[in-house]
Amino acid sequence: MIRSHVIGSGSALPARRLTNEELAAEYNLDTSDEWIVERTGITQRYFAGEGETTATLATAAARKALEMAGADASEIGLIVLATATPDNTFPATATQVQQALGCNGGIAFDVAAVCTGFLYAIGVADSMLRIGHAKKALVIGAETFSRILDFEDRTTCVLFGDGAGALVLEARESGEAQTGVLGTKLHADGAHCDLLHVDGGPSSTGTVGKLRMKGREVFRHAVVNLSSVLKEVLEETGVSAAEIDWVVPHQANARILDATARKLGLPMEKVVVTVDRHANTSAASVPLAFDTAMRDGRLKAGDLVMLEAMGGGFTWGASLLRL
Ligand code: ACO
């Protein structure tokens, strides 16, 4: 059976790092390191500076992923880029990455599913690879949420950061080892689209807008939806939770990670956590965490890895793969 295999990963962070204390001082916020760490687990985040954009971060992550894969950009026939903070309303940021990499001529487009964007991108790219649209794909999550934060709102601006992560997927025979993407489940429930949204856009206000969130409601839905979609993927693939080697979750909040792992009976030692260093980087968080664990040697060939995310819309999803 032809399946999509991860053959490389890469990530990129902006140069500027801000600790909780530096953030509070710079934006004159009535908050504390203690409050942020206790409620979220976040100790620092990276914010894009001048000349750093979603496209430049995405391109840097893609180059590193290609290097790990030992692949040339010219081999990439498909780029799917997940973002809620594109450089421009159009063209798709994926085409700007394509131009920077010099691999023009294939397919390139963006998907918008906010924090679940990378899971949607994996689902779309995997389907397209399996039916032969391309042989190799770049799947990228890249964001500059610092550009849509309201720094007057301490309940949201302390939670997010900027960054990008990328995977190179290759369509090839899965064989007896059952490697590659084994199953993906995606969901959306537009009834909750007002609980986490940006209050602007080209067609409504003509402005970029700022992020707005009802944090408690989001938290409640996140734990319920994530544990249910994880169970769905396990059922579909016939795998038990105990067989999973690593969970690479969306990094929204340490308490969501704890609560979801507990619901599945998974020890936290199997969960890759980067929210403390990166904060919530929306669509970039799963590939950023994945690349961190690839490069520090935690993720190894043969490992069974679960990716999961939940975000605005609401959208949520999970994907199980064997490396
Ligand atoms: N510093 C200090 N105090 C604060 C801050 C802050 N940065 N933000 C809020 N507070 C105060 C509030 O004003 C409130 O004070 P009050 O009791 O005097 O009114 C108090 O802290 C408690 O506020 P809550 O909003 O009830 O705090 P809660 O314990 O729910 O934590 C949080 C807030 C961290 C946002 C939590 O709801 C959460 O994690 N929600 C999930 C949201 C999330 O992670 N979203 C990411 C995007 S979606 C996703 O990626 C899944």
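Hey, residue 7 hits all of (1) away from the ligand (no atom under 16 Å from the Cβ); (2) more than 30 Å from residue 73 (Cα to Cα) but one; which does it fall short on?
Residue 7 satisfies all of (1) away from the ligand (no atom under 16 Å from the Cβ); (2) more than 30 Å from residue 73 (Cα to Cα) except (2).
Mind listing whichever residues of the stretch 275-300 are farther than 19 Å from residue 258 by Cβ and of a type in the set (Gly, Ala, Ser)?
Answer for the stretch 275-300, where residues must be farther than 19 Å from residue 258 by Cβ and of a type in the set (Gly, Ala, Ser): 282, 283, 284, 297.
Name the strands (runs of 3 or more DSSP E) wholly inside the stretch 140-254 in which the number of residues that are away from the ligand (no atom under 16 Å from the Cβ), under 25 Å from residue 274 (Cα atoms) and open to solvent by less than 20 Å² (accessible area, probe 1.4 Å) is 2 or more.
Numbers: elements: 162-173, 180-188, 196-198, 211-213, 246-249.
Counting at least 2 such residues, we get 162-173, 180-188.
Residues that are free of Cβ contacts under 8 Å to residues at least 12 places away in the same chain and out of contact with any Pro (no Cβ under 7 Å at 6 or more places or on another chain): does the stretch 274-294 have at least one? Walk me through how you get there before you give the answer.
From the stretch 274-294, those free of Cβ contacts under 8 Å to residues at least 12 places away in the same chain are none; that's our starting set.
No, the conditions are met nowhere in the stretch 274-294.
Tell me, please, whether a residue that is part of a strand (DSSP E or B), touching a residue at least 12 places away in the same chain (Cβ under 8 Å) and closer than 23 Å to residue 3 by Cβ can be found in the stretch 124-136. Write out each step before concluding.
Initial filter on the stretch 124-136 (part of a strand (DSSP E or B)): 136.
Narrowing the set further to residues that are touching a residue at least 12 places away in the same chain (Cβ under 8 Å) leaves 136.
Those left that are additionally closer than 23 Å to residue 3 by Cβ: 136.
Checked against the condition, which is being part of a strand (DSSP E or B), touching a residue at least 12 places away in the same chain (Cβ under 8 Å) and closer than 23 Å to residue 3 by Cβ, the stretch 124-136 yields at least one hit.
The values are calculated or read from the model by the stated rules, or taken from the named source; none is laboratory data. The model shown is predicted, which means the values in this text are computed figures rather than measured ones. Neighbour counts run over all protein chains shown; Cβ positions are idealised from the backbone, glycine included. With ligands, DNA and RNA removed, areas are computed over all heavy atoms of the protein, side chains included. Shrake-Rupley method; radii C 1.70, N 1.55, O 1.52, S 1.80 Å.
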